[in-house]
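These notes concern the structure reproduced below.
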Amino acid sequence: MTDETIYREPQQKRSIEKKERILAASYAQFCQNGYAQTTMNDIAKSAKVSVGTVYSYFKDKKMIFKLVYETYVNSLEQTFELAQYQEITSIAALEELFIRSIKDLIKLHQDSINFQKETKMLYQIDEEVAKLSDASYQKSLDFIKEALQSTKVALRVTDFDAAAILIRVLCDGVVDQITFYPELISEKKADQLIQETTEMLKRYLCVMNED
């Protein structure tokens, strides 16, 4: 029996909503203050419940963090999953997909900078966080690979596994630079960086008709 299963799973609508409110408040606190600086009292106050109520649903802050992180990971996966179902019939459509996906990832990261920093640290020391992150990463690679395989654009790449990794690594690098170093990268420069990244990916992936 895991720690998660020994705490009550709400059945009534009001209890379900209360648990969801606690998780939402926890995410807001983690984003604002970071994991280390957030207390169970902070979470209870933000969720407008007693500390005892928080403990009736969750063993401790670590348990809350993992559930919040799982929700965050699902949001991250959705960004890549959407690409899987886009009908890509032209290079222009592929470029648009890259730009939109990168901007969506930047928005998701910018809304949770402190949370991002904490998860990167916990990845190194917490096996469960690492497993969840690794599984999400692999899912994103699968989504990218399937999107490439289904595109109607003529591609020059033949190793879709390697291509998916390169796309993810390049996009992650751009997103991290824009998110974590706003003092070095202006909004105008960020747009240029996204455009240049998209151009690089286009030329790497696609058969180009040079006139």
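Here are a few things to note about the model shown:
- Short-range pairs are left out: with C-alpha atoms under 8 Å and at least six residues apart, the relative contact order of the chain is 22 percent.
- Under a model in which nothing but the beta-carbon of Lys, Arg (+1) and Asp, Glu (-1) is charged, the stretch 166-211 shows a dipole of about 100 debye around its Cα centre.
- Computed P(r) (all Cα pairs; the chain; 5 Å bins; percent): 1, 7, 13, 16, 15, 13, 11, 9, 7, 5, 2, 1, 0, 0, 0
- GNM result for the chain, Cα springs below 10 Å: residue of Gln12, Gln177, Gln192 fluctuating most strongly: Gln12
- For the stretch 107-201, the relative contact order works out to 24 percent when only alpha carbon pairs closer than 8 Å and six or more residues apart are counted.
- Dipole magnitude of the chain about its Cα centre (Cβ charges: Lys, Arg +1; Asp, Glu -1), debye to nearest 20: 940
- Full extension of the segment from Ala130 to Lys117, taken as 0.36 nm per residue of separation minus the current Cα-Cα distance, would add 3.3 nm.
- Applying 0.36 nm per residue to the separation of Gln149 and Asn41 and subtracting their alpha-carbon distance, the gain on full extension is 33.9 nm.
- Tensor-based shape of the stretch 115-192 (alpha-carbon gyration tensor, a/c under 1.5 rounded, otherwise prolate or oblate): oblate
- Residues Thr71 and Arg168, FRET efficiency given R0 of 25 Å [Cβ-Cβ distance, rounded to 0.05]: 0.75
- Magnitude of the charge dipole, the stretch 107-177, Cβ model with Lys/Arg +1 and Asp/Glu -1, debye to 20: 380
- Fully extended contour minus Cα-Cα distance, from Gln32 to Gln78, at 0.36 nm per residue: 14.2 nm
- Comparing Leu122, Gln195, Leu148 along the charge dipole axis of the chain, the residue lying farthest to the positive side is Leu122, per the Cβ-charge model.
- Close amide H contacts of Cys206 (hydrogens built in the peptide plane, cut-off under 5 Å, sequence separation of 5 or more or a different chain): Arg156.
Laboratory data are not the source of any read-out in this text; all were calculated from the coordinates shown. Computed from a predicted model, the values in this text were never measured in an experiment. Because the Cβ atoms are built from the backbone with ideal geometry, glycine has one as well, and the counts that use them run over all protein chains shown.
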